[in-house]
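For reference, the structure discussed in these notes is given below.
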Amino acid sequence: MNDLITKTIDKYYRKKDLSEYLSKCQKVFFLPEEVEDFIENNNISITEMNNGEIWPSSTIIFEYEKYVKGEFEVIYNSRLMISKIAPVFYLHHEFEVVNKDVNGINPTLDGFDTQPYNYIQADLELLIKNYFIEKEFTQLSFREMNEVVSELEFSKEITFFGSQVTVEHALFFDILDICPE
């Protein structure tokens, strides 16, 4: 686990600096103008989650135009997660393909990766990475997001979706359960 993550977890979860935690959770994130222009020029729609709310992160989903060629249809998305309590972000790309297999169980096949699936995703990723590097943010990998944080104690009322807290939980979700709803 990198130093930045360790220090953030120590500060908010072990030393319980709850007033600064809540203060940081009140931040509002705005996309840089270059990204806004790129979105507009490429007919990308966005869905912002938790932005403007008192929450440890903001998530932005970039939805690209559906690509159709003959019977082939694919939908691409990108998901950007920005922590408000540490200068870190996570970006991955998604796809969803209509399943034409008559024996298929699901109507769609989907997946995600930190590598882009098309050039528009790659160009958007470059803009986002450049912006955050300039702001001295660290990009987390899939492995880092899923790293388990050991030896954290919480009150009995706080429950998780599983038995272990990950870096993703600690830096992007209100696992302290103190943000107002």
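The values are calculated or read from the model by the stated rules, or taken from the named source; none is laboratory data. Here the structure is a predicted model, which is why all the values come from computation and not from measurement. All Cβ positions, glycine included, derive from the backbone under ideal geometry; neighbour counts span all protein chains shown. With ligands, DNA and RNA removed, areas are computed over all heavy atoms of the protein, side chains included. Shrake-Rupley method; radii C 1.70, N 1.55, O 1.52, S 1.80 Å.
In the chain, the portion of solvent-accessible area held by carbon and sulfur atoms comes to 50 percent [1.4 Å probe, whole percent, DNA, RNA and ligands not counted].
Please compare each pair in Lys15/Lys84; Lys100/Lys129; Lys66/Lys100; Lys24/Lys135 to a cut-off of 26 Å on the Cα-Cα distance and tell me which ones are over it. As for pairs spanning more than 26 Å Cα to Cα, those are Lys100/Lys129. Our compactness index for the chain, the C-alpha radius of gyration over the empirical 2.2 N^0.38 Å, is 1.15. Note on the chain: dipole from Cβ charges, positive end direction compared against Gln115, Met81, Met145; the farthest Cα belongs to Met145.
For the chain, the longest principal axis of the Cα atoms and the long axis of helix 119-134 meet at an angle of about 20 degrees. Annotation: aspartates and glutamates with alpha-carbon distance below 15 angstrom to Lys27 (same-chain offsets under eight excluded): Glu48, Glu53, Asp174.
With r defined as the distance between the Cβ atoms of Asn2 and Asp123 and R0 fixed at 25 Å, what FRET efficiency is calculated, to the nearest 0.05? Given R0 = 25 Å and the Cβ-Cβ separation, E is 0.35. Extending 7 Å from the Cα toward the beta-carbon at both Val102 and Lys135 defines two label points whose distance is 5.2 nm. Per residue, the range 1-123 exposes 58 Å² of solvent-accessible protein surface, assessed with a 1.4 angstrom probe and all protein chains in place.
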